[in-house]
1. Only residues that are out of contact with any His (no Cβ under 6 Å at 6 or more places or on another chain) and surrounded by 17 or more Cβ atoms within 10 Å (Cβ to Cβ): list them for the range 99-118, please.
2. Just to confirm my filter: which strands (runs of 3 or more DSSP E) fall fully inside the range 83-172 and include at least 2 residues that are closer than 27 Å to Ala59 by Cβ and basic (Lys, Arg)?
3. Of the conditions (1) in contact (Cβ under 8 Å) with a residue 24 or more places away in the chain; (2) at positive phi, Gly132 fails just one. Which one is it?
4. Taking the range 144-172 as the search range and keeping residues that are loosely packed, with under 10 Cβ neighbours inside 10 Å and among the aliphatic types (A, V, I, L, M), which one is farthest from the chain's Cα centre (by Cα)?
Amino acid sequence: MTVQVQAPRLTSDFKAAFGGHPAGVAIIAAESDTGPVGITASSVASVSAEPPLLAFSLAANSGSAAALAAADSVVVHLLTAADRDLARIFADSRSERFTDAMAWSRMETGEPLLVHGGYSLRCTVLSRTPAGGSLLLAAEVIEIISPDAVGAPMVYHSRSFHWLGEHSVLGA
């Protein structure tokens with residue numbers, strides 16, 4: 001038996017369902033006409049290993065999200081627990097990003113590269129697909145920058161950042 005749910009309730013139930021479903025945390029960055037831009041995202045997903053493809057969504061059509069949507073290439077920084085402050089800065093649209101006090105540089109190809117504890121994936125955007133009020137981007141990974149040592153992964157769950165480690169492994 002299928003029960004049809006009213007739109008406002010469906011939206012709130014959808015948010016509750018995905019709020020309880022942990023997701024990895026990344027910062028997506030690109031060079032724009034006005035300089036480097038970036039946002040914290042929990043929508044990055046692996047699509048294919050051969051060729052290496054990923055996808056992510058952008059929910060806004062202004063500011064940093066709009067600049068990212070227009071970029072031909074992006075750098076996806078997969079965050080670790082040590083990157084909590086970066087995650088917070090890039091999640092707040094009022095925060096200053098890519099300041100002199102922040103550890104970052106430009107790649108030879110021009111994209112901004114943050115110094116952080118996880119992998120960085122330089123990607124070429126392949127497609128942009130409108131999806132509801134968001135834009136779904138598919139990108140091909142063309143370069144991977146590996147950290148010296150990978151820290152504990154950061155996840156977003158119930159509107160908070162968490163980390164995974166030995167303490168969170170479930171027994172067999």
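None of the figures in this text is laboratory data; all of them are computed from the coordinates on show. Everything quoted here is computed from the prediction, not taken from an experiment. Cβ coordinates were reconstructed from backbone atoms using ideal geometry, including for glycine residues, and neighbour counts include every protein chain displayed.
1. Correct list: Trp104, Glu111, Pro112, Leu113, Gly117, Gly118.
2. It comes to 120-131.
3. (1)
4. Across the range 144-172, the extreme among qualifying residues is Ala172.
Results for (1) in contact (Cβ under 8 Å) with a residue 12 or more places away in the chain; (2) within 17 Å of Val125 (Cβ to Cβ); (3) surrounded by 12 or more Cβ atoms within 10 Å (Cβ to Cβ); (4) within 16 Å of the chain's Cα centre (by Cα), shown as yes or no for each residue.
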{"position": "Asp33", "(1), (2), (3), (4)": "yes, yes, no, no"}
{"position": "Ser42", "(1), (2), (3), (4)": "yes, no, yes, yes"}
{"position": "Glu50", "(1), (2), (3), (4)": "no, no, no, no"}
{"position": "Ala55", "(1), (2), (3), (4)": "yes, yes, yes, yes"}
{"position": "His77", "(1), (2), (3), (4)": "yes, yes, yes, yes"}
{"position": "Arg84", "(1), (2), (3), (4)": "yes, no, yes, yes"}
{"position": "Ala91", "(1), (2), (3), (4)": "yes, no, yes, yes"}
{"position": "Arg97", "(1), (2), (3), (4)": "yes, no, yes, yes"}
